[in-house]
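Q: The following block contains the structure, expressed as structure tokens.
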Amino acid sequence: MASLPTGEPRNGLGVLRPLTTDESAIRRQGITNMTCRDSSQWLNANPAYLFNRMNNEAFTLAYKRRSMRRLMGSRTHCVCGTEIDLFGDHVLVCQRVTVRNQVRNTGHSDVNNDLRNIFKSRQTAGHYYVANGEPLMDRYLQHIDVAAANPDEINRRADIALIRMGQDGPGTTLIDVTLAAHNIHQPGPDYTVGLAANNSALRKHQFYRRLYQPPGPDTQLVIFAFETSGSIHPEARKFLRDHVAAGTTHNPGLEFGNIIKTISVSLQTALAKCVLTARTRLTLDQPPTYPYITGPLVLPDPPSRLYPDHQLPRHDAVPSLSRRPLLLPLRALDPAPPPSIPVPPVMLSLA
Ligand SMILES: [Zn+2]
């Protein structure tokens, strides 16, 4: 691991001049591929399992991202006027909150739903149930100072709540799902994978410590922080591992691995959706005359070109095969000759 690249390049052209937006995005993705196991788990997921399904577009986009190919076609600029990278990841951290939320909110809710499904599918074996909707945190946690908190903070809701009905009494696990943008420091010198998730989890913990008393013995608060690179925060991993170990009798390690793969598929699908949204609604083929500041978003013209050349779906995913002839041989189109009926040999009796 120590020999793998990290941070700014120390040799080559990158030493002489700052990296371009595309180059830094490619470097970031390369370092992610090499140093983060969780980022590639979706490649090993069993597609026959219901929650591991990816459609063709999502798979192609995820594969192209991993291969560091251009996803944004002819798009060059965000509607805010900033130059975008080849993956369109700028929209995740765009300074305009309306643009950012177009992809961030959708991504968060998609991943949240998939995680809820994972917990739901295990609730019988794990002796708990998943609360419907998003319960108020106030019901389970004690405010430090209600008067000082603003109404948004009082009405804070947990993303997922697991209610346990064990022999040692009822217990509650409140899960706050956090999706951190991996390129939050872009174009930054630090390409460490997982840094954004760490910062995000730290910020959330500080926030809850400021707002609520420490949870009682029956209540557990878990910050489930992901990063859009695919990295999962150690706290979330540990919670998931313990959760699986408690509810699985046969091979909990395998079960844990499968859940990590399902989460990875979910993240990649959310990212693919983010790319599609960015490409059709949030980016332009040239710098905007009037950069977007506020107000409703206008639907831009579609990109003039999506791919450098015509590519078959999943062309990059499998080794190329020799092309099959599309037309049948001409001979097959001719009217078929009348079938010749084999004449049985006449048995001559020589007797
Ligand atoms: Zn922008």
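Q: Considering each of Ala58, Ala25, Ala48, Ala62 in turn, give the residue that is surrounded by fewer than 17 Cβ atoms within 10 Å (Cβ to Cβ) and aliphatic (A, V, I, L, M).
A: Every option except Ala48 fails the conditions.
Q: Among the candidates Leu211, Leu240, single out the residue that is of a type in the set (A, V, I, L, M, F, W, C) and at pLDDT below 90.
A: Sole residue among the options that is of a type in the set (A, V, I, L, M, F, W, C) and at pLDDT below 90: Leu211.
Q: Could you give every pair whose Cβ atoms fall below 7 Å, whose first residue belongs to segment 55-82 and is in contact (Cβ under 8 Å) with a residue 12 or more places away in the chain, and whose second residue is among the acidic types (Asp, Glu) and surrounded by fewer than 20 Cβ atoms within 10 Å (Cβ to Cβ), counting only separations of at least 6 or pairs across chains?
A: Tyr63/Asp316; Lys64/Asp316; Ser67/Asp316; Ser74/Asp285; Arg75/Asp285; Thr76/Glu83; Thr76/Asp285; His77/Glu83
Q: Determine, yes or no, whether Asn101 is without any contact (Cβ under 8 Å) to a residue 12 or more places away in the chain and either within 16 Å of the ligand (Cβ to nearest atom) or farther than 26 Å from Ile175 by Cα (or both). Break it down into steps so the answer makes sense when it comes.
A: Values: without any contact (Cβ under 8 Å) to a residue 12 or more places away in the chain: yes; either within 16 Å of the ligand (Cβ to nearest atom) or farther than 26 Å from Ile175 by Cα (or both): yes.
When the stated conditions are applied, Asn101 passes them.
Q: For segment 229-255, which residues satisfy the criterion of being of a type outside the set (Gly, Ala, Ser) and within 15 Å of Arg37 (Cβ to Cβ)?
A: Ile232, His233, Pro234, Arg237, Leu240, Arg241
Q: Sticking with this one: For segment 52-71, state whether one or more residues are closer than 20 Å to Leu19 by Cα, in a loop (DSSP other than H, G, I, E, B) and near the ligand (Cβ under 10 Å from one of its atoms).
A: Applying the first criterion (closer than 20 Å to Leu19 by Cα) to segment 52-71 yields 65-71.
Okay, now just the ones that are also in a loop (DSSP other than H, G, I, E, B), so 67-71.
From what is left, the residues that are near the ligand (Cβ under 10 Å from one of its atoms) are none.
The answer is no, given that none of the residues of segment 52-71 is closer than 20 Å to Leu19 by Cα, in a loop (DSSP other than H, G, I, E, B) and near the ligand (Cβ under 10 Å from one of its atoms).
Q: Let me ask something additional. Criterion first (within 16 Å of the ligand (Cβ to nearest atom), touching a helix residue (DSSP H, G or I) at 6+ places or on another chain (Cβ under 8 Å) and either more than 30 Å from Pro217 (Cα to Cα) or modelled with pLDDT of 90 or more (or both)) does Leu115 satisfy it?
A: no
Q: Would it be correct to say that Arg210 is basic (Lys, Arg) and touching a residue at least 60 places away in the same chain (Cβ under 8 Å)? Working first, answer last.
A: Numbers: basic (Lys, Arg): yes; touching a residue at least 60 places away in the same chain (Cβ under 8 Å): yes.
Judged against the criteria, Arg210 is a match.
Q: Residue under question is Thr124, and the condition is that it be at pLDDT 90 or above and among the hydroxyl-bearing types (Ser, Thr, Tyr); does it hold?
A: no
Q: Would you please name the residue that is nearest to the ligand (Cβ to nearest atom), looking only at residues in segment 83-98 that are under 16 Å from Leu19 (Cα atoms) and part of a loop (DSSP other than H, G, I, E, B)?
A: Ranking the qualifying residues of segment 83-98, first place goes to Ile84.
Q: Residues to consider are Val177, Val146; find the one that is under 27 Å from Ala196 (Cβ atoms) and of a type in the set (A, V, I, L, M).
A: After ruling out the rest, the residue left standing is Val177.
The values are calculated or read from the model by the stated rules, or taken from the named source; none is laboratory data. As the structure is a prediction and not an experimental result, all values here were calculated from the model. Cβ atoms come from the backbone with ideal geometry, glycine included; neighbour counts cover every protein chain shown.
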